[in-house]
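The next block holds one structure in the form of structure tokens; read it before the comments.
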């Protein structure tokens, strides 16, 4: 059985522009949820992309639904693939990479392996997955779903969510919160630049962060 739901509303291009200025690890300084399992790693660590979540549920060895998605996916979409626990079959290889690149997607995250990494690197397709596998899925025509809630790397992803991904990992944000999170993160990154300048001017990190006061106050209390 196949389920194909309407494509979600895409994020505002201005929001995408703001998100792409943000390091995922900066968001990790103030959020503890929304992050996919760190074992989903970047094939191209130098890439940072943001996009609108288009979700795929692709069980076992049947990649029919992913092939179908290449026909309807849009520029700026970020494809998120739930593999239903299958860590053996690579559903994404060279041909799918080229088809998705031509379609203009921002990137993809697969809760399982991929293959043809040389092709992924050749066309510079931003991709996060659980590593390579030489065993591939097939066009079996059994089942699959597009634009349903999925679980990827332990994180629930809904169609239309904001996705931000870079060398540190992948974070999923509700569209209503994405701008707030991005602006807070950008402010923190700007403050970090000032902090580094203070270090270069001779100050010590624990004096700036407050660690010195905490340790020395505790030492005096215990003494």
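Among 14, 89, a tally of other beta-carbon atoms within 10 Å of each Cβ gives an order, fewest to most, of 14, 89. With helices as the sole contributors, the chain gives -10500 deg cm²/dmol at 222 nm; each DSSP H run of n ≥ 4 counts as -39500 (n - 2.57), and the sum is divided by every residue.
Sorting the segments 200-212, 120-132, 64-76 by their mean number of nearby beta carbons within 10 angstrom, highest to lowest, gives 120-132, 64-76, 200-212. For the chain, the longest principal axis of the Cα atoms and the long axis of helix 211-222 meet at an angle of about 60 degrees. For segment 98-191, what does the alpha-carbon gyration tensor say about shape, rounded, prolate or oblate, given a ≥ b ≥ c as the root eigenvalues, a/c under 1.5 as rounded, and a/b over b/c as prolate? In terms of gyration-tensor shape, prolate. Computed log10 I(q)/I(0) for the chain at 0.10, 0.14 Å⁻¹: -0.49, -0.81, from the Debye equation with unit scatterers placed on every C-alpha and solvent omitted. For the chain, the longest principal axis of the C-alpha atoms and the axis of helix 175-200 are separated by about 40°.
The slack between residue 195 and residue 138, meaning 0.36 nm per residue of separation minus the straight C-alpha distance, is 15.3 nm.
Here the chain carries DSSP beta bridges of which approximately 50% are antiparallel, counting only pairs with both residues inside. For the pair residue 68 and residue 5, label points projected 7 Å from Cα toward Cβ lie 1.5 nm apart. What FRET efficiency would be calculated for the residue pair residue 180, residue 220, taking the C-beta separation as r and a Förster radius of 45 Å, to the nearest 0.05? The calculated FRET efficiency here is 0.65. The length gained by stretching the chain between residue 84 and residue 12 to full extension, at 0.36 nm per residue less their Cα-Cα distance, is 22.9 nm.
On the beta carbon distance between residue 204 and residue 123, with R0 = 45 Å, the FRET formula returns roughly 0.45. Computed from label points 7 Å out along Cα-Cβ, the spacing between residue 213 and residue 20 is 4.1 nm. Once the Cα atoms are used to define both axes, helix 94-103 deviates from the longest principal axis of the chain by about 80 degrees. In plain terms, the residue of 43, 172, 156 with the fewest other Cβ atoms within 10 Å comes first and the most crowded comes last, giving 156, 43, 172. Averaging the sequence gap over all C-alpha pairs within less than 8 Å and six or more residues apart, then dividing by the number of residues, gives segment 101-172 a relative contact order of 23 percent.
Read the figures in this text as sums done on the coordinates, not as results from a lab. Keep in mind that what you see is a predicted model, and the values were worked out from it rather than measured. Neighbour counts run over all protein chains shown; Cβ positions are idealised from the backbone, glycine included.
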